[in-house]
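Student: Encoded as structure tokens, here's the structure I'll be asking about.
Since every read-out is calculated from the coordinates, none of them should be taken as a lab result. None of the values given here were measured: they were computed from a predicted structure. As a convention, Cβ positions derive from the backbone with ideal geometry for all residues, glycine included, and neighbour counts pool all protein chains shown.
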Amino acid sequence: MNYSSMIVRPDDPHDGPRPGFETADPGPLGHDPETTLIGDLIAAVRRQALALALWVLLCTAAGVAYVLIAQPEFVAAAQIALEPRVRLPPGADAAAAAAATAPTLDSAQAESQVQVIRSARNLRYVFDTLGLDKDPAYAAKGPGLVSRTLARISGLLPFLAAPPLSPEEEAMRAREIAFQNFSDRIQVKRLGQSYVLEVSFRGLTPQDAARLTNAIAAAYIRDQVLVRAASDQRGSEFLQGRIALIQAQKKAADEAVATGVITDFQFPDSDARIVGAALRPLAAAYPQTKLILLLGALFGLVSGIGCIAVLHSFDRTVRSPAQIRRMLGVDSFVVPRFKGGRLTETTALDRPDSDFALALRRLRTVLFAVGGEARYITVGLVSCRTDEGCSTLSANLAGLLSTSSDRVVLVDADLRDPELTRRFAPKATAGLESLVLSPVIGADLPEVALAGTLSFVPAVAAGRTANPNAFLGAHAMRAALARVNGKRDLVLDLPPLDASSDAQAIGHMLTGIVLVASLNRTKLDELSDAIRALRSTDCRVLGIVLNDPAPSRKARRQASASA
């Protein structure tokens, strides 16, 4: 918010050290000499702790909902040991059998068998034998929203539409989709560096998971038997006994594929054997409830903190005195919220034990230190905009000063919104407006006695509205201030900077000006513009008082409900 032309004097006499205030080097904009970015982020997370907790709970609840509606899946596994056997030519004698040694396996051969089990030939046999193309668990799903939308667009644009499929082609396509869905549920892996392979299948029921896992393992054994049979049939002296044995092994493997049950039948002509048949799983493997809930909560936490960090990087709201000192190089402190009821213009005197009164006494101490050797001070309080508590602070500060000074004058210099006049002098016969509009130079301030050593200067007379042309920088006002300077303490409640430039007009005649801002409401840019605007007219900015504003109506309702 621009309050002036932003002219900053390089030789501003008010930029040096000031009594009672700790000077701070603002450094480059955004430089953080005292705290780190992590510290600021932690503070932002604390401010948004409730919203973050609700977001984490929402993400966790979404995980719970997914677990409840997701189709459970069961996983069964079977183990196959690779054991290459000695292959003797037909008619070999006992001596040759004793001297023969079994071939050895290496890692490459073991990995090759993994691919054999996953081969389309092996899986297609199981798929066809069990008639899985008619199982709805593996059937093609209906088109989704995107597919339907694209189909409609293609229908409107004939050159984009695919040629229609014949019934045979549609059936073949549906069969291939079902086979692909079946294949995607199979996993084959080698257990460590051993020659044991694990075959697992992810089914929708425990029975299907165990049955199809055993069927896939049995189909692999059957394939091994058929390979051995083909090798023996190529021999020159094929024995009829071997034919019967191999046919029996093939029949047993076919029955195992069809039933999904592994029997104790031995397969001496296979280079592998099933060492662990698949059993019905006792619990669903998917969805993994604990993992999903953990990931949901973790996603909520990380995404929530990320959003807070992004919002914090763009947030220019005043959050703490350290932030103002770091960004603007001006000292400040917080006047805490009064929790003992409604805050009034005399709370500091009525409730001297409150935190609010303690903060104002601290401000009084700082102001006396700023005054140095001078007996009396003249200080103006001004805010960047309306409704930041400037008038209430001015009245309470003047009341505190009157307890330790022999003469204090509270001046309502806000001619357009004379809040203090309505409170202390609703029937005033004269006001500050008449002084600044008077052509006579030399008139005194129209004071009204309040209590003890405290007097009050109303802004306007009762029943009058301030003249828009009234200007605090008029000669009569300057002369009146010059006469009272050094003779009594003056506290001026100045109009907000967004409504008037009066504070800039008379600020240079005062001991100094205190900016009043609202914690968690006023923007840093507003304070920066206000400081530059005041200093451009030689005003001495003593510091910033941060009002902790009262909670909103919604927050008060929540507090009452929790109580």
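Student: Note down the relative contact order for the stretch 290-370 as a percent, whole number, built from C-alpha pairs under 8 angstrom at least six residues apart. Spell out each step's value before the answer.
Tutor: Working: 33 pairs, mean separation 13.5, N = 81.
So the answer I get is 17 percent.
Student: Relative contact order of the stretch 169-223: what whole-number percent is it, with Cα pairs under 8 angstrom and at least 6 residues apart? Don't skip to the answer; put the middle values down first.
Tutor: Working: 32 pairs, mean separation 11.4, N = 55.
Relative contact order for the stretch 169-223 comes out at 21 percent.
Student: Let me ask you something else. Neighbouring Cβ atoms within 10 Å as the yardstick, rank Y195, Y66 fewest first. All intermediate terms of the calculation are to be shown ahead of the outcome.
Tutor: Values: Y195 19, Y66 14.
The order, fewest Cβ neighbours first, is Y66, Y195.
Student: At 7 Å along the Cα-to-beta-carbon direction for both A140 and D353, put a label point, then send me their distance in nm to one decimal.
Tutor: 8.4 nm
Student: Can you put M509, M477 in order of Cβ neighbours within 10 angstrom, beginning with the fewest?
Tutor: On the way: M509 17, M477 25.
Ranking M509, M477 by Cβ neighbours within 10 Å, fewest first, gives M509, M477.
Student: Using 0.36 nm per residue of separation minus the Cα-Cα distance, give me the extension gain between R47 and Y66 in nm, one decimal. Let's see the in-between values first.
Tutor: Working: separation 19, 0.36 × 19 = 6.84 nm, distance 3.07 nm.
Additional length available on full extension: 3.8 nm.
Student: What are the ³J(HN,Hα) values, in whole Hz, obtained from phi via the Karplus relation 6.51 cos²θ - 1.76 cosθ + 1.60 with θ = phi - 60°, for each residue of the stretch 299-316 in sequence order, with x given for Gly and Pro?
Tutor: 4, x, 5, 5, 5, x, 5, x, 5, 4, 5, 5, 5, 5, 5, 9, 7, 10
Student: What ranking do S402, S391 get, fewest neighbouring Cβ atoms within 10 angstrom at the top?
Tutor: On the way: S402 22, S391 25.
With the fewest neighbours first, S402, S391 line up as S402, S391.
Student: Using θ = phi - 60° and the Karplus relation 6.51 cos²θ - 1.76 cosθ + 1.60, list the HN-Hα couplings for the stretch 499-504 in order, rounded to whole Hz, with x at every Gly or Pro.
Tutor: In residue order, the calculated couplings are 10, 7, 9, 4, 4, 5 Hz.
Student: Apply 1/(1 + (r/R0)^6) to the Cβ-Cβ distance of R316 and E176, taking R0 = 41 Å, and write down the FRET efficiency to the nearest 0.05.
Tutor: Working: r = 60 Å, r/R0 = 1.47.
The value I calculate is 0.10.
Student: Now for a separate question. If you consider only alpha-carbon coordinates, what radius of gyration and Dmax does the stretch 314-381 have, in Å?
Tutor: Rg, Dmax (Cα atoms, Å): 14.7, 45.
Student: Using each residue's phi in the stretch 184-193, evaluate 6.51 cos²θ - 1.76 cosθ + 1.60 at θ = phi - 60° and report the 3J(HN,Hα) Karplus result to the nearest Hz, with x for Gly and Pro.
Tutor: 5, 8, 9, 9, 10, 8, 8, 7, x, 9
Student: Can you list the residues, at least 5 places off or on another chain, whose amide H is less than 5 Å from the amide H of A285, using H built in the peptide plane?
Tutor: E73, F74, V75
Student: Report the label-to-label distance for R407 and D106 in nanometres (one decimal), using points 7 Å from each Cα along the Cα→Cβ vector.
Tutor: 10.9 nm
Student: Multiply the residue separation of F333 and E169 by 0.36 nm, subtract the distance between their alpha-carbon atoms, and state the gained length in nm to one decimal. Spell out each step's value before the answer.
Tutor: Numbers: separation 164, 0.36 × 164 = 59.04 nm, distance 8.02 nm.
Taking 0.36 nm per residue and subtracting the Cα distance, the gain is 51.0 nm.
Student: 7 Å from Cα along Cα→Cβ at both E83 and V196: what's the point-to-point distance in nm?
Tutor: 1.3 nm
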